[in-house]
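The values are calculated or read from the model by the stated rules, or taken from the named source; none is laboratory data. Remember, predicted model here, so these are calculated numbers, not experimental data. So basically every Cβ, Gly included, is an ideal-geometry build from the backbone, and we count neighbours across all protein chains shown. Keep in mind that these areas ignore ligands, DNA and RNA; they rest on the heavy atoms of the full protein, side chains included. Shrake-Rupley method; radii C 1.70, N 1.55, O 1.52, S 1.80 Å.
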Protein chains: 2
Amino acid sequence: MSIPQLRVALLGCGVVGGHVAARLMASAEEFEGRVGARLNLVGIAVRDTSRPREAGVDSSLLTTDAESLVGKADIVIELMGGIEPARSLILRALESGASVVTANKALLAEHGAALRAAADDAGVQLEYEAAVAGAIPIVRPLGDSLAGDSVNRILGIVNGTTNYVLDKMDSSGLSQADAVASAQQLGFAEADPTADLEGYDAAAKAALLASLAFHTPVELSDVHREGITGITADAVANARADGYVIKLLTVCERVQSSSGPAIRSSVYPALLPTSHPLAGVRGAFNAVYVESEAAGELMFYGQGAGGAPTSSAVLGDVISVARRRLLGGRGQATPRAGSLRLLPMSEIRTRYHVVLDVVDQPGVLAQVTEVFAAKAVSIETVRQSVRSAADDPDDESLPPAGRAKLVIATHAATNGALDDTVEALARLDNVAAVVSTLRMEGN
Amino acid sequence: MSIPQLRVALLGCGVVGGHVAARLMASAEEFEGRVGARLNLVGIAVRDTSRPREAGVDSSLLTTDAESLVGKADIVIELMGGIEPARSLILRALESGASVVTANKALLAEHGAALRAAADDAGVQLEYEAAVAGAIPIVRPLGDSLAGDSVNRILGIVNGTTNYVLDKMDSSGLSQADAVASAQQLGFAEADPTADLEGYDAAAKAALLASLAFHTPVELSDVHREGITGITADAVANARADGYVIKLLTVCERVQSSSGPAIRSSVYPALLPTSHPLAGVRGAFNAVYVESEAAGELMFYGQGAGGAPTSSAVLGDVISVARRRLLGGRGQATPRAGSLRLLPMSEIRTRYHVVLDVVDQPGVLAQVTEVFAAKAVSIETVRQSVRSAADDPDDESLPPAGRAKLVIATHAATNGALDDTVEALARLDNVAAVVSTLRMEGN
């Protein structure tokens with residue numbers, strides 16, 4: 001009996017694509033055993049066929065004609081990145097009956113709903129495990145394993161660059177600039193690290209995580225995004241002194257609003273207690289922490305980027321798609337999902353950690369706490385640091401002589417109430433500076 | 001347009017079954033949206049219809065006639081446990097064209113291959129996410145997400161009872177008997193805790209994990225099993241003093257044998273460095289740590305048991321199976337898997353941590369190290385504790401006056417070589433006792 005054959009087309013042959021192509025060829029026998037069909041790599045679409053490629057990539061498969069390549073494949077793997085021509089090629093592949101595997105988080109965050117609808121119309125599969133948290137299986141667990149549960153909250157560290165930078169600032173006391181330089185040297189940050197540092201990469205993943213967890217379409221523009229560029233070495237040290245680490249968190253949660261159940265999806269740097277499972281996620285690692293109704297706490301940990309780790313997730317999808325094609329039947333039906341309202345950040349209540357540089361004299365604490373009370377922001381703890389530059393002139397994190405540091409942790413309040421509070425605090429004569437305001441999560 | 005209906009039969013209505021039944025009814029609307037079909041619970045087979053049940057369970061659905069119930073269902077959920085009648089009922093369900101979801105690890109570890117073959121013959125699905133590590137999605141990640149990768153090693157904490165007991169001994173210095181009593185009081189251990197303490201429960205899960213990770217049939221009888229009953233408070237304290245915690249580990253790995261690539265699947269208590277991600281898994285939590293070729297390190301963490309957490313995994317499978325039935329096509333094809341040889345424990349090489357109670361006099365260390373050398377077991381570190389009962393009469397873990405404690409960590413050696421070494425050590429006049437020999441993992 002002859003073994004069935006499936007034609008696989010690869011779009012893009014960069015770091016991840018090179019790994020995928022090499023592994024498809026090197027592991028052809030093994031994959032044949034796992035699928036029950038031969039996966040034949042029939043072509044690799046690239047912009048420049050003369051560029052040198054990953055070892056193990058058969059250069060005779062390279063072509064610049066992506067259009068005709070997608071028309072003759074059973075499975076198309078899209079690893080070009082960017083919106084166009086990736087979007088058009090994927091649509092063309094789906095319409096011609098191919099199943100598609102992609103790692104393109106930016107494309108999915110912007111056009112995911114339309115692409116899923118196209119896959120549904122064509123009765124084929126569209127899979128994207130590699131688009132969120134690289135090698136960590138999270139798309140399938142959220143979409144399938146937890147489909148019978150109700151996810152209440154996701155806290156994610158889904159950008160390795162910012163986690164490396166913040167971890168380095170925390171463990172070595174580096175400035176952010178030096179930590180970024182170190183990340184660049186190790187290949188954990190791009191020459192232009194803006195997309196990572198400003199949270200754009202994490203925001204695209206936040207849109208995908210919220211869509212999956214809440215069975216509700218969430219797009220990139222729905223995600224509240226703040227990056228880490230404002231996080232100083234001092235802020236990291238202050239957090240550490242109080243038993244916290246600062247992480248760039250993706251926070252997606254079910255919330256009660258005045259108009260009923262709703263959700264939010266957001267990305268911002270926040271303080272996390274050192275005892276929280278996510279606080280131990282070091283270096284460029286990623287992790288997604290899930291709280292759900294029945295399952296309780298879950299955490300998924302692993303490498304979020306890199307050629308080999310990402311290729312693992314891509315090939316897992318390829319094998320899953322290939323198995324399904326052999327079994328017959330339609331690829332996927334977009335479930336008639338619930339559609340929860342997305343709350344804007346201004347309506348979200350979170351806890352805050354406010355650090356003030358104040359004049360060290362009687363009555364200041366009373367003035368400050370009165371401002372919080374007037375804005376209806378309830379204070380949980382206040383810590384006053386009496387040390388100043390007079391005590392240790394070499395410690396640059398200390399305020400000048402005659403001044404003190406006030407560290408205030410609040411109960412949950414809205415963004416708006418906190419903004420008003422900070423504005424009023426800054427107007428007090430005895431407040432020299434609002435050193436930092438950061439949200440607190442994980443407790 | 002009328003919505004499709006799927007008939008769901010539940011076998012067993014204990015702690016997990018009660019949760020599943022209640023949630024199927026309470027979340028019927030929500031699940032209908034996620035599946036695209038109504039999940040109708042048509043009956044619940046129990047031994048005694050008059051026993052009180054979980055709130056939310058419709059008692060009019062209870063029946064003692066499991067045989068006829070499975071014959072009229074599209075999806076059968078088996079939560080009775082045990083081998084018979086569960087095995088016959090599942091086979092009957094599969095043969096009559098129903099898809100089956102089960103949490104029965106003991107049954108799968110003994111008859112998994114036959115049940116999967118029956119599902120394959122009938123062209124329907126057999127899913128069992130809840131059978132390993134309760135609520136933690138691990139079956140689907142290993143079977144699907146990592147299907148395009150090559151898993152090298154799995155270290156798992158997959159039994160909550162033993163993890164609670166060992167953690168309690170470590171954190172509170174309790175004896176094992178007291179820690180077990182505490183676990184029983186909190187509902188983390190059964191009245192007869194043998195299946196947990198002796199590693200039988202973990203061994204069944206080790207068989208399933210190895211089968212999935214290595215695409216090779218592994219049965220319960222293939223698993224090397226050692227429990228924790230021999231672990232004393234002293235052993236835990238000795239490990240802690242050296243920077244280790246003792247965990248009951250499920251170790252499945254790809255190994256090179258003289259006759260080529262092979263695998264092993266085993267369960268035993270072992271020392272793990274406190275810096276290892278698994279060392280932070282506290283209380284009754286479970287976690288599975290995976291090392292794979294391309295993805296690198298991954299960890300999956302969550303609750304391994306309990307009615308609600310387990311029901312989350314069961315219902316995830318139910319929704320997945322329901323969606324697939326709507327899409328049409330065959331349920332699953334058992335992939336023509338690789339078949340790696342299983343190595344017996346005697347051929348496996350691991351590191352050991354040996355604690356000796358010796359006479360404190362010159363030349364003893366030389367005698368001891370000579371024994372290791374003669375048996376070709378290479379020593380990595382030796383630590384001699386000079387404190388004895390003469391220094392602190394109240395510390396019962398110290399050896400009597402005139403004696404010392406030798407703590408030896410070896411390089412990897414075979415079981416056989418170590419057994420020979422320990423036998424020879426015990427014969428030395430200057431060795432009063434071999435206090436403990438434990439394997440070391442995770443570094």
Summing -39500 (n - 2.57) over every DSSP H run of at least 4 in the protein assembly as shown, dividing by its residue total and rounding to the nearest 500, the 222 nm mean residue ellipticity is -10500 deg cm²/dmol
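Provide the three semi-axes, in whole Å and in decreasing order, of the ellipsoid equivalent to the range A:1-160 as defined by the square roots of 5 times the Cα gyration tensor eigenvalues. Could the numbers behind the result be given before it?
Numbers: eigenvalues 135, 69, 61 Å².
Equivalent-ellipsoid dimensions as semi-axes: 26, 19, 17 Å.
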Residues whose modelled amide H sits under 5 Å from the amide H of A:VAL267, counting only those 5 or more places away in sequence or on another chain, are A:HIS224, A:ARG225, A:GLU226, A:VAL251
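Around A:ARG87, what is the net charge, scoring Lys/Arg as +1 and Asp/Glu as -1 over all other residues with Cβ under 15 Å from its Cβ?
Details: positive: A:ARG92, A:LYS105, A:ARG116; negative: A:GLU67, A:GLU78, A:GLU84, A:GLU95, A:GLU110, A:GLU219.
Summing Lys and Arg as +1 and Asp and Glu as -1 gives -3.
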Summed over the other residues with a beta carbon less than 14 angstrom from that of B:VAL15, with K and R at +1 and D and E at -1, the charge totals +1
Shortest first and in nm, the label-point separations between B:THR63 and its counterparts in the other identical copies (7 Å out along Cα→Cβ) come to 5.7
In square angstrom to the nearest 100, the accessible surface buried at the B/A interface, both sides summed with a 1.4 Å probe, amounts to 4300
Output field shielding_mean for B:284-292 (other chain Cβ, 10 Å radius) holds 2
Relative to chain A, whose Cα atoms define the longest principal axis, helix A:200-214 and its Cα axis are tilted in degrees, nearest 10, by 80
Ranked by GNM mean-square fluctuation in chain A (Cα springs under 10 Å), the top entry among A:PRO344, A:PRO269, A:PRO137 is A:PRO344
Heavy-atom accessible area of chain A with neighbours in place, 1.4 angstrom probe: carbon+sulfur share in percent works out to 48
Computed D for the protein assembly as shown, Stokes-Einstein, Kirkwood radius over alpha-carbon pairs, 4 °C, 1.567 mPa s, to the nearest µm² per second, is 44
Per the charge dipole of the protein assembly as shown (beta-carbon charges, Lys/Arg positive, Asp/Glu negative, Cα centre), the residue among B:GLY329, B:ALA376, B:THR194 reaching farthest to the positive end is B:GLY329
Between the Cα axis of helix A:86-95 and the main Cα principal axis of chain A, the angle (0 to 90°, nearest 10) is 40
Here the relative contact order (percent) of chain A, from C-alpha pairs under 8 Å and at least 6 apart, is 16
Over 27 Å (Cα to Cα) among A:LYS72/A:LYS105; A:LYS168/A:LYS375; A:LYS247/B:LYS247 -> A:LYS168/A:LYS375; A:LYS247/B:LYS247
Taking a probe of 1.4 Å and leaving out DNA, RNA and ligands, the protein assembly as shown shows per residue an accessible area in Å² of 38
Kirkwood Rh over alpha-carbon pairs of the range A:260-324 plugged into Stokes-Einstein at 37 °C, 0.692 mPa s gives a D in µm²/s of 219
Dipole check, the protein assembly as shown, charges on Cβ (K,R +1; D,E -1), about Cα centroid: among A:GLY230, A:ALA181, A:PHE300 the Cα furthest to the positive pole belongs to A:PHE300
In nanometres, the difference between 0.36 nm per residue of separation and the alpha-carbon distance of A:ALA373 and A:THR64 is 104.7 nm
P(r) over all Cα-Cα pairs of chain A, 10 Å bins from 0 to the longest distance, whole percent per bin, short to long, reads 4, 20, 27, 22, 14, 8, 4, 1, 0, 0
Distances in nm between the label point of A:PRO344 (7 Å along Cα→Cβ) and its equivalents in the other copies, shortest first, are 7.2
Computed D for the range B:348-440, Stokes-Einstein, Kirkwood radius over alpha-carbon pairs, 37 °C, 0.692 mPa s, to the nearest µm² per second, is 246
Note on the range A:139-303: the mean projected area of its alpha-carbon convex hull, in nm², is 9.9
For the rotation taking chain A to chain B, the chain A residue with the nearest C-beta to the axis, plus the distance in whole Å, reads A:GLY329, 1
For B:ALA376, inter-copy label-point distances (7 Å, Cα→Cβ), nm, shortest first, read 7.9
